[in-house]
Amino acid sequence: MKHLQVAVGIIRNSQRQIFLAQRSATAYMASMWEFPGGKIEAGETPLEALKRELREETDITVLNAVPYESFDHTYDDLKVSLYFFIVEEWQGEPYGREGQPSRWVAQADLIAEDFPPANVGIVARLRAEA
């Protein structure tokens, strides 16, 4: 079974809105909303991968990222180790740099069904803390 390690940024502004990006129509779990991030490359720490991925995907420079939660999730054909960070300090204005739709959503208004199954617990935790 394939095993991916992924760094994920929960980009949250001062109004407690969270930046989301939509997965491409051709991607695994197509058209679902997600917290930006991506695969941790060989030799990278989760934090290094997070900073690189958010620069590539959203064009922001992460100034501070706080570890939030990490866990493994297993799909039928894939095991994913997820490393979530809260990002509240950055430079730039995030947008879908790769052409993907993006939006800001109030933390209390996140909907678990809009996300891949691995994110359901994180969405519930964020809503409870809103």
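Values as computed for the structure displayed
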{"item": "Candidates Leu47, Leu54, Leu126, filtered to the one that is under 18 Å from Arg12 (Cα atoms), surrounded by 14 or more Cβ atoms within 10 Å (Cβ to Cβ), in contact with a Gly (Cβ under 7 Å, 6 or more places away or on another chain) and aliphatic (A, V, I, L, M)", "result": "Leu54"}
{"item": "Verdict on Ile60 being within 19 Å of Glu129 (Cα to Cα) and surrounded by 12 or more Cβ atoms within 10 Å (Cβ to Cβ)", "result": "no"}
{"item": "Options Val6, Val105, Val62: the member that is under 17 Å from Val120 (Cα atoms) and more than 13 Å from the chain's Cα centre (by Cα)", "result": "Val105"}
{"item": "Top-ranked residue in region 74-87 [being closer than 19 Å to Thr45 by Cα and not aromatic (Phe, Trp, Tyr); ranked as surrounded by the fewest Cβ atoms within 10 Å (Cβ to Cβ)]", "result": "Lys79"}
{"item": "Strands (runs of 3 or more DSSP E) within region 12-100 that include 3 or more residues farther than 18 Å from Phe115 by Cβ", "result": "61-74, 78-91"}
{"item": "Lone unmet requirement of (1) farther than 28 Å from Ala128 by Cα; (2) among the polar types (S, T, N, Q); (3) touching a helix residue (DSSP H, G or I) at 6+ places or on another chain (Cβ under 6 Å) for Thr26", "result": "(3)"}
{"item": "Restricting region 97-110 to residues that are buried (at least 16 other Cβ atoms within 10 Å of the Cβ) and at pLDDT 95 or above, the residue that is nearest to Ser14 (Cα to Cα)", "result": "Gln107"}
{"item": "Which numbered condition Gly38 fails, given (1) surrounded by 17 or more Cβ atoms within 10 Å (Cβ to Cβ); (2) of a type in the set (Gly, Ala, Ser); (3) out of contact with any strand residue (DSSP E or B) (no Cβ under 7 Å at 6 or more places or on another chain)", "result": "(3)"}
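The values are calculated or read from the model by the stated rules, or taken from the named source; none is laboratory data. Predicted model only: the values in this text are computed from it and were never measured. Note: ideal-geometry Cβ built from the backbone for every residue, glycine included; neighbour counts use all protein chains shown.
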